[in-house]
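Right, one structure below, let's go through it.
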Amino acid sequence: MTKPKIALKDVHKSFGAKQVLRGVTLDVMPSESMVVIGGSGTGKSITIKSVLGLVKPDRGEVWVDDIRADKARGARRDALLDKFGMLFQGGALFDSLKVWENVAFRLRRRLGRDEARDLAVEKLRRVGLGPENADLYPAELSGGMQKRVGLARAIADDPEIIFFDEPTTGLDPIMSDVINDLIREVVTEMGATALTITHDMTSVRRIADKVAMLHGGVIQWTGPVDDLETCGDPYIEQFINGRADGPIEALR
Amino acid sequence: MAVLSAFHGFLAGIGASVIGLLRATGALTLFAAQGIMHCFLPPWYWREVLRQMMRIGYFSLPVVGLTALFTGAVLALQIYIGGSRFNAEGVVASIVAIGIVRELGPVLGGLMVAGRVSAAIAAELGTMRVTEQIDALTTLSTNPFKYLVAPRLIAGVLTLPVLVAVADIIGIMGGFLVGVNRLNFNAGTYIANTVNFLEAGDILSGLYKAAAFGFIITLMGCYHGYNSGRGAQGVGTATTNAVVSASVLILAANYILTELFFST
């Protein structure tokens, strides 16, 4: 039986009195594109940050391959992080570096300047940005172009696992579609395992192989994207139809 | 009963403040220890160190130079006025030189750089925290302490002494200009008095202080920026705290170091 690439087991996380994760259990299989959906503030970002070690879980286990990710330190943690690429919600591009330097940031550890630049330009081309953008600074780019640069940086070193944090937030519908297509293409082409968090249902249908619904600090439902409409889960039904009435309480 | 309850409340308030202070001191100490450790452990980002040396040292030169120039000029006037009360106008050159290199050069230079650099570092790192750039560094297998904190600490400790050395020269020159042009001292005598009365220990103690101030300035900028709260308000608070804490710590460290040099 194939082992999960990423496994979260009963992960808990609180911030002061606020319990955000109350026992998240989730398996992401190799080369699978898992999308975690859920309302704002339900702990989607905390879930992926727990995997990356950016947030330390209070309880539970996080496994990446055969490594206990939440306990990894030093060289073991560095080796673990080398497996990951991440596209942040706001791009999180380094303002002080040029576009190509952002994309080549990790590559520079093992490649010379010229070689890293060539590879960065190639990755930029892969996400639809010409070489004329390579020497610009992030602040000179539009939001959509910044997302593309973020995507190029995430895939630059051909990671085994890619995380996408709200990849289409703040983009117009057409640019959202372009980014969704790019994500689907690069994930399929690289054979990478992808974990995306979003509340954009268009993205879910374009990107996902499997979907997990996070609500109340736990995974309420998980299953193939094709079962989303017919699963009969009241949480999923309310969420995908965007209704205010249902088990998910909405503040008015 | 109400008095007892108020007394408990009063004690609880004091206890909470003390615990908060101890927690903040502990957090700062751990941050500083981690920062220092990464200054000595590879990999080193030398390009970042050079970039920070330019920002902290070179670009602070105008403000520190002007501060030193006017401080030296005012010091010459004040010492002349004070000295003339007991016929000791001749000590202007030597006291200006000693005052500048031992005290005013490093302290005023440090305070000016604290205002300029601590704030800039805290704002930069705070913005990086808020926009998830620091998280992005981690996901790119780069330790933020190595890439952000260590280069700034190294740059601060290395550039402040150079900056203060230049400020010392400019400050003494400020005194010289006033002494010669306004107070009618002989230029040659003024220079001779400056050089003859100045000892290596005077200059070195000022430069050691500058290195310590460089560490304090960059540490406070990094600490407050790195731990910045969310949003524009968080970054603003981090910037203010960085400047205030750096300035206060510079003055406190100045006293401690002066006591130390005074005893030896």
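The values are calculated or read from the model by the stated rules, or taken from the named source; none is laboratory data. Worth saying up front: this structure is predicted, and the values here are computed from it rather than measured. Note that we place each Cβ from the backbone using ideal geometry, even for glycine, and neighbour counts take in every protein chain shown.
Summary table
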read-out: Selection status of residue A:151, of a type in the set (A, V, I, L, M) and more than 14 Å from chain B (Cβ to nearest Cβ); value: no
read-out: Matching residues in the range B:1-58 - criterion: being exposed (fewer than 13 other Cβ atoms within 10 Å of the Cβ) and part of a loop (DSSP other than H, G, I, E, B); value: B:1, B:41, B:42, B:43
read-out: Options A:121, A:186: the member that is modelled with pLDDT of 95 or more and either acidic (Asp, Glu) or buried (at least 20 other Cβ atoms within 10 Å of the Cβ) (or both); value: A:121
read-out: Residue match in the range B:79-91 (condition: among the hydroxyl-bearing types (Ser, Thr, Tyr) and closer than 15 Å to residue B:174 by Cβ); value: yes
read-out: Every pair of residues 6+ apart whose Cβ atoms lie under 7 Å, when the first sits in the range A:187-213 and is farther than 15 Å from residue A:224 by Cα and touching a residue at least 40 places away in the same chain (Cβ under 8 Å) while the second is of a type in the set (S, T, N, Q) and surrounded by 18 or more Cβ atoms within 10 Å (Cβ to Cβ); value: A:187/A:33; A:197/A:45; A:198/A:168
read-out: Residue tally, condition touching a Ser or Thr at 6+ places or on another chain (Cβ under 8 Å) and closer than 17 Å to residue A:85 by Cβ, over the range A:42-61; value: 3
read-out: Matching entry among B:124, B:132, B:199 (being on the phi > 0 side of the Ramachandran plot and either free of Cβ contacts under 8 Å to residues at least 40 places away in the same chain or in contact with a helix residue (DSSP H, G or I) (Cβ under 7 Å, 6 or more places away or on another chain) (or both)); value: B:132
read-out: Conditions (1) in contact with a Phe, Trp or Tyr (Cβ under 8 Å, 6 or more places away or on another chain); (2) more than 14 Å from chain A (Cβ to nearest Cβ): number failed by residue B:135; value: (2)
read-out: Pair list, Cβ under 6 Å, 6 or more apart: the range B:140-157 residue free of Cβ contacts under 8 Å to residues at least 12 places away in the same chain and closer than 21 Å to residue A:156 by Cβ, other residue among the hydrophobic types (A, V, I, L, M, F, W, C) and in a helix (DSSP H, G or I); value: B:141/A:81
read-out: Residues located in the range A:98-124, provided they are more than 9 Å from every other protein chain (Cβ to nearest Cβ), within 24 Å of residue A:45 (Cβ to Cβ) and assigned to a loop (DSSP other than H, G, I, E, B); value: none
read-out: Yes/no for residue B:127 being of a type in the set (S, T, N, Q), crowded, with 17+ Cβ neighbours inside 10 Å, under 30 Å from residue A:154 (Cβ atoms) and under 27 Å from the mean Cα position of the chain (by Cα); value: yes
read-out: Lone unmet requirement of (1) in contact (Cβ under 8 Å) with a residue 40 or more places away in the chain; (2) in a helix (DSSP H, G or I) for residue A:162; value: (2)
read-out: Residue match in the range B:114-121 (condition: away from every other protein chain (no Cβ under 14 Å), within 15 Å of residue B:46 (Cα to Cα) and assigned to a helix (DSSP H, G or I)); value: no
read-out: Some residue of the range A:22-42 being touching a residue at least 24 places away in the same chain (Cβ under 8 Å), within 14 Å of chain B (Cβ to nearest Cβ), crowded, with 17+ Cβ neighbours inside 10 Å and closer than 28 Å to residue A:107 by Cβ; value: no
read-out: Residue ID - farthest from residue B:221 (Cα to Cα), chosen from residues in the range B:138-153 that are away from chain A (no Cβ under 14 Å) and more than 14 Å from the chain's Cα centre (by Cα); value: B:150
read-out: Those residues of the range A:127-150 which are within 19 Å of the chain's Cα centre (by Cα) and part of a helix (DSSP H, G or I), in sequence order; value: A:143, A:144, A:145, A:146, A:147, A:148, A:149, A:150
read-out: Index of the failed condition, residue B:103 passing every other in (1) surrounded by fewer than 19 Cβ atoms within 10 Å (Cβ to Cβ); (2) farther than 28 Å from residue B:251 by Cβ; (3) among the acidic types (Asp, Glu); value: (2)
read-out: Residues of the range A:51-92 satisfying the condition of being more than 14 Å from every other protein chain (Cβ to nearest Cβ) and in a loop (DSSP other than H, G, I, E, B); value: A:57, A:58, A:65, A:66, A:70, A:71
read-out: Qualifying residues in the range A:189-207 (those that are at pLDDT 90 or above and part of a loop (DSSP other than H, G, I, E, B)) - the one surrounded by the fewest Cβ atoms within 10 Å (Cβ to Cβ); value: A:191
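Every residue, every condition in (1) touching a residue at least 40 places away in the same chain (Cβ under 8 Å); (2) under 17 Å from residue B:24 (Cα atoms); (3) not small (Gly, Ala, Ser), yes or no:
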residue	(1), (2), (3)
B:180	no, no, yes
B:212	yes, no, no
B:219	yes, yes, yes
B:233	no, no, yes
